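To start, the structure under review is shown below, and the notes come after it.
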Amino acid sequence: MTADVVSDHGLWFRVENGGTTSGVRRAAERLGRQLELSERRIADLAIVTAELASNLAKHAHEGTLLLRPVRRGGRAGVEAVAVDAGPGMPDLALSSVDGHSTTGTLGIGLGAIVRQASWFDGYSLPGRGTVLAVQVWDGPPPEPDWAAGLTRPITGEQVSGDGYAVRVVDGRRQVLVCDGLGHGPLAAIATEAAVTAFRAAPAGPPATVVQHLHRAISHTRGAALAVAEPDPASGLLRYAGLGNIAAMIVVAGERRRGLVSLPGIAGHQRPGVREYDYPFPPGATLVMHSDGVVDRWDLADHPGLARRSPLVAAAVLLGEAGIRRDDACVLVARALP
């Protein structure tokens, strides 16, 4: 029996042997049909996901694969993200060329993934592991995202109490990271309420949006949450947070800078909300995460990761710093030039 991808949060598969590959492929085919992809692209999707899962089973340690819908501008596609803890590849671009193999196989797996996917990105570091991310669309893929995130539930749960959202309203680019209190369905309900309210909230600065979310989720158990707004015109990032959401700005050659979240629980009592401004020059990276991710990560330990997509950067951090005994969420956003 194969699990279904029942929501836009997607479903994580642990890929420990070749027997998982067929289950991942069937789940991807069902998702493609639910999203009304063409039969040709569903066939391409089956090849992509089977190759990703096969690579994890053959070569990786602690391999996992996320399968989820991805939506942009009224269109829908399928996204797959494969994450492992080793052995890594010294040259991912070379490994993506047909005929290159380190195990005596035909060496066509990564090449097939790149050819069949509408969009592909990846990162690999010897001894540290590999992340491969793909999207399959009908027609050309949308423009790459300026911000992207991943969530993963605590071991033993099907739903995560952590979540994130990205929106653009009246020219404001804003992101949300939220951690519903506790774990399981009730925590997920709190976070889903916050995400829904965030997407529908009137345009306003982060502090105003946080106050709106506080009122909107008062019927739930509450959540820690934070809203950030990069403003390329001013070179600033505006930020307001409540509770234990971690946020850092990373600029090449500088120490990362932590952002201030005030104590409190959105949806409970009347919290104090304050907004802070931080320098956010072109090329800067914003990383936000829940307490299911330890904060001892350092982007400087990953040469070249700052040039990869926000999705791949988020997956690398989740894979290396996420803990299994808690829900986990990572969001990465980049300063636009």
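The values are calculated or read from the model by the stated rules, or taken from the named source; none is laboratory data. The structure presented is a predicted model; accordingly, all values stated were derived computationally and were not measured. Note that we place each Cβ from the backbone using ideal geometry, even for glycine, and neighbour counts take in every protein chain shown. Just so you know, the surface numbers come from the protein's heavy atoms only, side chains and all, with ligands and any DNA or RNA stripped out. Shrake-Rupley method; radii C 1.70, N 1.55, O 1.52, S 1.80 Å.
A few remarks follow.
- Qualifying strands (runs of 3 or more DSSP E) (wholly inside region 235-337; at least 1 residues being more than 24 Å from residue 82 (Cβ to Cβ) and of a type in the set (Asp, Glu)): 276-279
- Only one entry of 218, 234 meets the criterion of being touching a Gly at 6+ places or on another chain (Cβ under 8 Å) and surrounded by fewer than 18 Cβ atoms within 10 Å (Cβ to Cβ), and that entry is 218.
- Conditions (1) aliphatic (A, V, I, L, M); (2) without any contact (Cβ under 8 Å) to a residue 24 or more places away in the chain; (3) closer than 19 Å to residue 76 by Cβ; number of the one not met by residue 136: (2)
- Region 289-329, residues that are under 19 Å from residue 64 (Cβ atoms), of a type in the set (Gly, Ala, Ser) and surrounded by fewer than 19 Cβ atoms within 10 Å (Cβ to Cβ): 321
- Residues in region 154-192 that are charged (D, E, K, R) and surrounded by 23 or more Cβ atoms within 10 Å (Cβ to Cβ): 162, 179.
- Flag if residue 284 is without any contact (Cβ under 8 Å) to a residue 60 or more places away in the chain and either over 16 Å from the mean Cα position of the chain (by Cα) or open to solvent by less than 40 Å² (accessible area, probe 1.4 Å) (or both): yes
- Taken together, the residues in region 245-257 that are at pLDDT 95 or above and open to solvent by 50 Å² or more (accessible area, probe 1.4 Å) amount to 1.
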